1. Does residue 150 fit the bill of being closer than 22 Å to residue 239 by Cβ, surrounded by 14 or more Cβ atoms within 10 Å (Cβ to Cβ) and without any contact (Cβ under 8 Å) to a residue 60 or more places away in the chain?
2. With respect to residue 161, is the statement that it is touching a residue at least 60 places away in the same chain (Cβ under 8 Å) and surrounded by fewer than 23 Cβ atoms within 10 Å (Cβ to Cβ) true?
3. Looking at (1) more than 22 Å from residue 291 (Cα to Cα); (2) surrounded by fewer than 18 Cβ atoms within 10 Å (Cβ to Cβ), which is the only condition residue 249 fails?
4. Residues that are modelled with pLDDT under 90, surrounded by fewer than 21 Cβ atoms within 10 Å (Cβ to Cβ), in contact with a helix residue (DSSP H, G or I) (Cβ under 6 Å, 6 or more places away or on another chain) and part of a helix (DSSP H, G or I): does the range 297-306 have at least one?
5. Pick from 240, 275: which is crowded, with 24+ Cβ neighbours inside 10 Å and in contact with a helix residue (DSSP H, G or I) (Cβ under 7 Å, 6 or more places away or on another chain)?
6. Among the residues of the range 75-94, is any touching a residue at least 24 places away in the same chain (Cβ under 8 Å), buried (at least 19 other Cβ atoms within 10 Å of the Cβ) and more than 19 Å from the chain's Cα centre (by Cα)?
7. Test residue 41 against the criterion of being at pLDDT 50 or above, part of a helix (DSSP H, G or I) and in contact with a helix residue (DSSP H, G or I) (Cβ under 7 Å, 6 or more places away or on another chain), and give yes or no.
8. Quick one: is residue 267 in contact with a helix residue (DSSP H, G or I) (Cβ under 8 Å, 6 or more places away or on another chain), assigned to a helix (DSSP H, G or I) and over 18 Å from residue 58 (Cβ atoms)?
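The values are calculated or read from the model by the stated rules, or taken from the named source; none is laboratory data. Predicted, not measured: the structure shown is a model, and the values here were computed from it. Ideal geometry is used to build each Cβ from the backbone, glycine not excepted, and the neighbour counts take in all protein chains shown.
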């Protein structure tokens, strides 16, 4: 006989109030690290924190934050999504091709791109749950298929196009705040609600901690996985569209920098790579931290090889700090 998931789950170490879960210790710790890193950066590079540069960090960090939003959702259920790079490229390339070739208007092209992105996410979920494929294998295969499909679709020469609404979202500001960062805040509110105030969120954490126990407690593992992977694909598609608006350009490899960076942002934000623990607000801090680091190293005249080594060492060092932090939820 199944027991419905109603009261506090026996496998959860601290199921307190939703607000406490939303602002857990790891999330606060992530923002403390971000603040300290920001201060240290301004010591190393005077005038680094000008208004203009701060706006640029928020703007470019928002692109990573959007991709990392979906990555957070799938990691919390114990999965991973390596296809986000391909879906991001697909969202931009398909939209640009449809508009440039006049096969669709701007609203239709955006809708088609987002629908395809969401369907790819759903396909990932179906492959993982129905075909029992490991998330790493399934999403990596999806990435490869997307890359090949886009190459055929564009004949290796994707079109570029200026889309005013996407340029407005990516480049303009409202009261001095980049619009794309405001979009990220809207997504953040949704993710916080989904993970901490909805039944799906409770199911996601339970699934990430112990799928068997969650299933016996009445959690629909399939439906939870389908939703999280669909949202991951959709949000990667959104990131692709606004990134195209940022550059007025769409190319086949535009999602590549976000594949591993999205995972790093999630983990640096305090979410366990094994699933079941973490909060999306911490991911926002992780995305901004990586953005600051990526912008700082060239300013210090560190060569590309040194930048790669430094980024890796900083990530390892911060993860060691997290592992020593004793205030886990």
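1. Values: closer than 22 Å to residue 239 by Cβ: yes; surrounded by 14 or more Cβ atoms within 10 Å (Cβ to Cβ): yes; without any contact (Cβ under 8 Å) to a residue 60 or more places away in the chain: no.
When the stated conditions are applied, residue 150 does not pass them.
2. Working: touching a residue at least 60 places away in the same chain (Cβ under 8 Å): yes; surrounded by fewer than 23 Cβ atoms within 10 Å (Cβ to Cβ): yes.
Yes, satisfied.
3. Among (1) more than 22 Å from residue 291 (Cα to Cα); (2) surrounded by fewer than 18 Cβ atoms within 10 Å (Cβ to Cβ), residue 249 violates only (1).
4. First pass over the range 297-306, keeping only residues modelled with pLDDT under 90: 297-306.
Okay, now just the ones that are also surrounded by fewer than 21 Cβ atoms within 10 Å (Cβ to Cβ), so 297-306.
Still in the running and in contact with a helix residue (DSSP H, G or I) (Cβ under 6 Å, 6 or more places away or on another chain): 297.
After this cut, where a residue has to be part of a helix (DSSP H, G or I) as well, the list is 297.
Within the range 297-306 (the criterion being modelled with pLDDT under 90, surrounded by fewer than 21 Cβ atoms within 10 Å (Cβ to Cβ), in contact with a helix residue (DSSP H, G or I) (Cβ under 6 Å, 6 or more places away or on another chain) and part of a helix (DSSP H, G or I)), the answer is yes, since at least one residue qualifies.
5. Details: 275 fails: crowded, with 24+ Cβ neighbours inside 10 Å.
Testing whether each residue is crowded, with 24+ Cβ neighbours inside 10 Å and in contact with a helix residue (DSSP H, G or I) (Cβ under 7 Å, 6 or more places away or on another chain) leaves just 240.
6. Residues of the range 75-94 that are touching a residue at least 24 places away in the same chain (Cβ under 8 Å), as a first pass: 75-94.
Those left that are additionally buried (at least 19 other Cβ atoms within 10 Å of the Cβ): 75-94.
Now narrow it down to the ones that are more than 19 Å from the chain's Cα centre (by Cα): 93-94.
Yes: the range 75-94 contains one or more residues that are touching a residue at least 24 places away in the same chain (Cβ under 8 Å), buried (at least 19 other Cβ atoms within 10 Å of the Cβ) and more than 19 Å from the chain's Cα centre (by Cα).
7. Values: at pLDDT 50 or above: yes; part of a helix (DSSP H, G or I): yes; in contact with a helix residue (DSSP H, G or I) (Cβ under 7 Å, 6 or more places away or on another chain): yes.
Against the criterion (at pLDDT 50 or above, part of a helix (DSSP H, G or I) and in contact with a helix residue (DSSP H, G or I) (Cβ under 7 Å, 6 or more places away or on another chain)), residue 41 qualifies.
8. Details: in contact with a helix residue (DSSP H, G or I) (Cβ under 8 Å, 6 or more places away or on another chain): yes; assigned to a helix (DSSP H, G or I): yes; over 18 Å from residue 58 (Cβ atoms): yes.
Taking the combined requirement at face value, the residue satisfies it.
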